[in-house]
């Protein structure tokens, strides 16, 4: 069933104080204000590293016949529906992670040139899944990856609960659809993660992700992406500070027989 976001005035204020939306407090006016930010407002916030611009999606714009990704690559125009949650969150991701967005766009356009506009490759599906529901995870403890790959959710999110708070595991939500779904307080969020193993000194997972995608080293198949039940993370769902949640939550799915994951990339 297609998700329908609540109307702007109907969103419960509490969702903006809980992750993942709490990470966007700097844009509280855009998210919680009476008025939607205009395309001009979004463009005024563009970082220097971002070449593309937001353009209001109109019938005249769509009349150019270009694919959404081609329009970005050829004209630097990101078609953006005004007064729309999904496209507002997409704009926020562009503003925070322009290098990753640009890398995805370049790869998507290359795949369109290879496949045409009527068929999609496994790589295109992988990139779309990451664009919509992606999470970038940096782990400093390989033992966490073993629990994760076994779908030992109780171990990962309850026994090792502290790891998500003490720096052994850190995440950045990249998927704009995840942010949109977070508007519904009862929604159990599950991301599609790219995982990086970091040494004790850490590293820039965002930069590593952009570089790897641009270089064609990641996102060739949707099965590269590990499911991550975000609602199990401390502070992400009001019920997850009870152990029972981590034994019974429907977002915790067992690993399918034969399912395996690729090695995590190194920072």
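The values are calculated or read from the model by the stated rules, or taken from the named source; none is laboratory data. Every value quoted in this text rests on a predicted model; they were computed, and no experiment measured them. Glycine also receives a Cβ, built like all others from the backbone with ideal geometry; neighbour counts cover every protein chain displayed.
Matching residues to (1) in contact (Cβ under 8 Å) with a residue 24 or more places away in the chain; (2) in contact with a helix residue (DSSP H, G or I) (Cβ under 7 Å, 6 or more places away or on another chain); (3) surrounded by 12 or more Cβ atoms within 10 Å (Cβ to Cβ); (4) farther than 27 Å from residue 230 by Cβ:
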site: 14; (1), (2), (3), (4): yes, no, no, no
site: 20; (1), (2), (3), (4): yes, yes, yes, no
site: 24; (1), (2), (3), (4): yes, yes, yes, no
site: 27; (1), (2), (3), (4): yes, yes, yes, no
site: 46; (1), (2), (3), (4): yes, yes, yes, yes
site: 60; (1), (2), (3), (4): no, no, no, yes
Exercise for the section: Could you list all residues from region 241-267 that are without any contact (Cβ under 8 Å) to a residue 12 or more places away in the chain and in contact with a strand residue (DSSP E or B) (Cβ under 6 Å, 6 or more places away or on another chain)? Expected result: none
Exercise for the section: Scan region 97-115 and give yes if some residue there is part of a loop (DSSP other than H, G, I, E, B) and modelled with pLDDT under 95, otherwise no. Expected result: no
Fill in the blank from the handout: The correct count of residues that are more than 21 Å from residue 174 (Cβ to Cβ), within 22 Å of the chain's Cα centre (by Cα) and surrounded by 14 or more Cβ atoms within 10 Å (Cβ to Cβ) in region 72-99 is 2
